[in-house]
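I have placed the structure first, in the form of structure tokens, so that the comments after it can refer back to it.
The values are calculated or read from the model by the stated rules, or taken from the named source; none is laboratory data. None of these values were measured; they are calculated from a predicted model. Please note: Cβ atoms are built from the backbone with ideal geometry, for glycine as well, and neighbour counts cover all protein chains shown. What goes into the accessible areas is simple: the full protein's heavy atoms, side chains included, and nothing from ligands, DNA or RNA. Shrake-Rupley method; radii C 1.70, N 1.55, O 1.52, S 1.80 Å.
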Amino acid sequence: MAELAALEDPKVREVNERHGDDHGVNLGKLRALAKRLKTQQELARGLWETWDTAARLLALLICRPKAFGRDELDAMLRDARTPKVHDWLVNYVVKKNAHAEELRLAWSADPETVVASAGWALTTERVAKKPEGLDLVGLLDVIEAEMKDAPDRLQWAMNHCLAQIGIEHAEHRARAIDIGERLEVLKDYPTSPGCTSPFAPTWITELVRRQQEKTAAP
């Protein structure tokens, strides 16, 4: 905790707080600290219990993802508080845990929208890597009906799923693009030069173009 406090940078905190993350530690320095500590599950649990955002991010980097129980991960997600902790927990821990599918189903149906967004993030992972058994038409139906008016975090997660379906599954691409064009979610989102817009039709078209270029390359 003393090392993390020493890494605190007011300018970094100012930028992070604009995105809802209450910490001031440069993530590159945080990762370097995690690399030095290596995997330490008990230390990770202790850091998580501090409720300090930087400490929790470090915990997620040094923990053993497969060591957590289902109920423990559920409680951690509900206590995650900040967007970065939430995202790292889902991406670095839950996705590597044996309970990921069970949690995906439970979280997707949760009335708490931030929890539901984690369920959608796990669904997006399955769309890309293990789509067998998923009802892609049903997912598009839900996205079409609910994404436009969903709260920000949930809307972002649903939009990512929409784009992933369009990118990975050619038979659903036209409908995914059509849904994106009609709903116009994130159409005007500011995008840095060289980055792909999160507006689903643009995102889908660009990623498919890159895939085709890669396939066609000698």
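If you keep only loop residues by DSSP, which GluC sites (Glu not before Pro) in region 138-218 have at most 12 other Cβ atoms within 10 Å of their Cβ?
GLU184
Each residue of region 196-209 in turn: what ³J(HN,Hα) in whole Hz from Karplus with 6.51, -1.76, 1.60 and θ = phi - 60°, glycine and Pro shown as x?
Using θ = phi - 60°, the values come out as 8, 4, x, 5, 3, x, 5, 4, 4, 4, 5, 5, 5, 4 Hz.
For GLU8, what residues show an amide H to amide H distance below 5 Å, using hydrogens built from the backbone and excluding near sequence neighbours?
Hits under the 5 Å cutoff: none.
Pop out the ³J(HN,Hα) list for region 21-36 in order, Karplus 6.51 cos²θ - 1.76 cosθ + 1.60 with θ = phi - 60°, rounded to Hz; leave Gly and Pro as x.
Coupling constants for region 21-36: 9, 8, 8, x, 9, 4, 5, x, 5, 5, 5, 5, 5, 4, 5, 5 Hz.
Quick one: helix 113-129 against the long Cα principal axis of the chain, what's the angle to the nearest 10°, folded into 0 to 90?
Helix 113-129 sits roughly 60 degrees off the main axis of the chain.
Hey, if you put +1 on the Cβ of every Lys and Arg and -1 on every Asp and Glu Cβ in the chain, which of LEU162, ALA34, ALA5 ends up farthest toward the positive end of that dipole?
Working it through, the farthest residue towards the positive pole turns out to be ALA34.
Only Cα pairs under 8 Å and at least 6 apart count here; give the relative contact order of the chain as a rounded whole percent.
Computed over the chain, the figure is 11 percent.
Counting only protein heavy atoms and using a 1.4 Å probe, what share of the accessible area of region 82-126 belongs to carbon plus sulfur, as a whole percent?
C and S fraction of accessible area: 56 percent.
Taking region 1-92, which trypsin sites (Lys or Arg not before Pro) meet the DSSP loop condition and have no more than 11 other C-beta atoms within 10 Å?
Taking region 1-92 and a limit of 11 other Cβ atoms within 10 Å, the loop trypsin sites (Lys or Arg not before Pro) found are LYS38.
Could you report the chain's accessible area per residue, 1.4 Å probe, as an integer in Å²?
So the chain comes to 54 Å² accessible per residue, rounded to a whole number.
Could you work out how far apart the two model spin labels at LYS148 and LYS214 are, taking each label as a point 7 Å from the Cα in the direction of the beta carbon, and quote it in nm?
It is 3.4 nm.
Give me the extension gain from LYS96 to GLU42: residue separation times 0.36 nm, minus the current Cα-Cα distance, reported in nm with one decimal.
That pair, LYS96 and GLU42, stretches by 17.6 nm at full extension.
Please get the size of the charge dipole for region 78-129, origin at its Cα centre, with Cβ charges of +1 on Lys and Arg and -1 on Asp and Glu, quoted in debye to the nearest 20.
The dipole of region 78-129 has a size of about 200 debye.
R0 = 35 Å: FRET efficiency of ALA106 with ALA32, Cβ-based, nearest 0.05?
0.50
Give the residue list of GluC sites (Glu not before Pro) in region 34-119 that are DSSP loop and have at most 12 other beta-carbon atoms within 10 angstrom.
Loop-located and lightly packed - GLU49, GLU112.
Assuming 0.36 nm per residue, please report the length gained on full extension of the stretch ARG81 to GLU49 beyond their Cα-Cα distance.
Net length gain for the segment: 10.2 nm.
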